[in-house]
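Here the structure is laid out as structure tokens; the discussion comes afterwards.
The values are calculated or read from the model by the stated rules, or taken from the named source; none is laboratory data. What you see is a predicted model; the values in this text were computed from it and never measured. Please note: Cβ atoms are built from the backbone with ideal geometry, for glycine as well, and neighbour counts cover all protein chains shown.
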Amino acid sequence: SETVLQVSGLKKYFPHREGFFSRQGKSWIKAVDRVSFGIEKGRTFGLVGESGCGKSTTGKVILRVLDPTDGEVRFLGEDIAAISGKSLKNFRRRIQAVYQDPYASLNPRMRVDHIVSQPLLTHVLYKGGRREERALELLKKVGISREQARRYPHEFSGGQRQRIGIARALAPDPDFIVLDEPVSALDVSIQAQILNLLADLQEEMGLTYLFISHDLSVVEHICDQVAVMYLGRIVESAPTGELFRNPRHPYTKSLLSAVPVADPEYELKAIPLVGEIPSPLNPPKGCSFHPRCPECMPECREQEPFGVSVSSGHLVHCHLC
Ligand code: SF4
Ligand code: MG
């Protein structure tokens with residue numbers, strides 16, 4: 001199968017403010033550190049972790065909103081850092097994003113049919129009446145009627161606004177969508193509807209997704225592969241079923257133990273996370289999870305664990321493996 005997105009050794013370091021003006025003692029926040037993964041066409045890759053773990057920053061580098069400090073992102077085989085001119089415009093059309101809060105990104109003074117036809121105008125995809133028709137078709141696809149399309153964003157519920165945000169992302173006919181916490185602001189019952197809609201659209205349009213979430217229960221049903229991030233690094237990644245049935249990293253286990261499961265066979269004993277997430281400015285030595293790890297061993301304080309493949313497609317960074 002075709003690899004749509006390949007991320008290799010990605011780093012995004014931010015200069016820490018105090019060290020910014022003096023060359024001496026310049027310190028860095030390692031928001032994303034040596035992150036690698038690939039996503040095949042038509043698949044959904046989940047990036048999961050607590051807030052501040054670097055998942056959204058990774059999404060921004062992929063969207064070319066942020067430049068990486070090091071490493072590489074390839075989109076359909078092409079290094080995105082090298083894309084310029086006309087190709088850059090095409091790249092910006094082919095990769096779209098949907099964020100947590102659609103209201104913040106929907107112009108309150110614009111009718112929703114105009115909001116959705118805006119990208120068609122920007123990318124000169126359809127003309128005049130055809131453009132309006134296309135916007136209405138897209139809105140219909142996400143469950144917004146012709147009649148509703150003449151209304152303004154404040155007249156819609158949170159779930160409907162997210163549908164409008166999705167229609168807008170679909171407008172330029174993208175190959176790939178970064179979904180950054182797309183259902184986190186919604187009620188659980190509405191979350192399921194939006195996730196089903198995203199899955200249907202993926203099937204119908206052959207889309208590939210990066211799904212960013214702090215919530216493992218949300219990624220379980222939509223993702224094919226899941227990577228768990230902690231302090232800028234991927235600590236474990238596996239096909240979704242494998243990750244949920246056979247988590248190996250203590251951090252993944254603690255996150256999963258907080259997720260309610262239907263099958264008691266897979267019920268995990270609750271593993272509470274102790275302590276706060278350490279500052280990414282001074283990440284702990286050795287395994288960065290060691291101050292919070294219930295299974296911490298002496299070597300964990302000294303040595304950073306390598307990635308070990310425990311089964312096909314299942315990679316773990318932990319001295320226990
Ligand atoms: Fe815990 Fe050690 Fe594994 Fe880190 S390497 S997760 S501290 S057991
Ligand atoms: Mg985020």
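Which residues, taken from the stretch 145-161, are assigned to a helix (DSSP H, G or I) and either within 16 Å of ligand 1 (Cβ to nearest atom) or free of Cβ contacts under 8 Å to residues at least 12 places away in the same chain (or both)?
Within the stretch 145-161, just GLU155 meets the criteria.
Consider VAL32 carefully, then state whether it is aliphatic (A, V, I, L, M) and either touching a Cys at 6+ places or on another chain (Cβ under 7 Å) or assigned to a loop (DSSP other than H, G, I, E, B) (or both).
Values: aliphatic (A, V, I, L, M): yes; either touching a Cys at 6+ places or on another chain (Cβ under 7 Å) or assigned to a loop (DSSP other than H, G, I, E, B) (or both): no.
No.
Across the stretch 200-229, what is the number of residues that are closer than 27 Å to GLY307 by Cβ and away from ligand 1 (no atom under 16 Å from the Cβ)?
Qualifying residue count, the stretch 200-229: 19.
Please work out which residue is nearest to the chain's Cα centre (by Cα), limiting yourself to the stretch 276-306 and to residues that are more than 9 Å from ligand 1 (Cβ to nearest atom) and modelled with pLDDT of 95 or more.
GLU302
Using beta carbons and a limit of 8 Å, which pairs, at least six apart or on different chains, have the first residue in the stretch 302-321 and on the phi > 0 side of the Ramachandran plot and the second one assigned to a strand (DSSP E or B) and surrounded by fewer than 19 Cβ atoms within 10 Å (Cβ to Cβ)?
GLY313/PRO239
Just to be sure, is LYS55 more than 15 Å from SER8 (Cβ to Cβ), buried (at least 18 other Cβ atoms within 10 Å of the Cβ) and either touching a residue at least 60 places away in the same chain (Cβ under 8 Å) or not polar (S, T, N, Q) (or both)?
Details: more than 15 Å from SER8 (Cβ to Cβ): yes; buried (at least 18 other Cβ atoms within 10 Å of the Cβ): yes; either touching a residue at least 60 places away in the same chain (Cβ under 8 Å) or not polar (S, T, N, Q) (or both): yes.
Here the answer is yes, as LYS55 does meet what is asked.
Just to be sure before I move on: is SER189 in a helix (DSSP H, G or I), farther than 30 Å from ARG109 by Cβ and over 15 Å from the mean Cα position of the chain (by Cα) in the structure I sent?
yes
How about the stretch 61-101: which of its residues are free of Cβ contacts under 8 Å to residues at least 40 places away in the same chain and within 16 Å of ligand 2 (Cβ to nearest atom)?
Correct list: VAL65 only.
Could you grab me the full set of residues in the stretch 162-184 that are part of a helix (DSSP H, G or I) and more than 15 Å from ALA135 (Cα to Cα)?
Result: GLN162, single match.
Going by the structure shown, is ARG109 away from ligand 2 (no atom under 16 Å from the Cβ) and buried (at least 16 other Cβ atoms within 10 Å of the Cβ)?
no
Residues in the stretch 243-260: is at least one within 16 Å of ligand 1 (Cβ to nearest atom), modelled with pLDDT under 95 and among the hydrophobic types (A, V, I, L, M, F, W, C)?
yes
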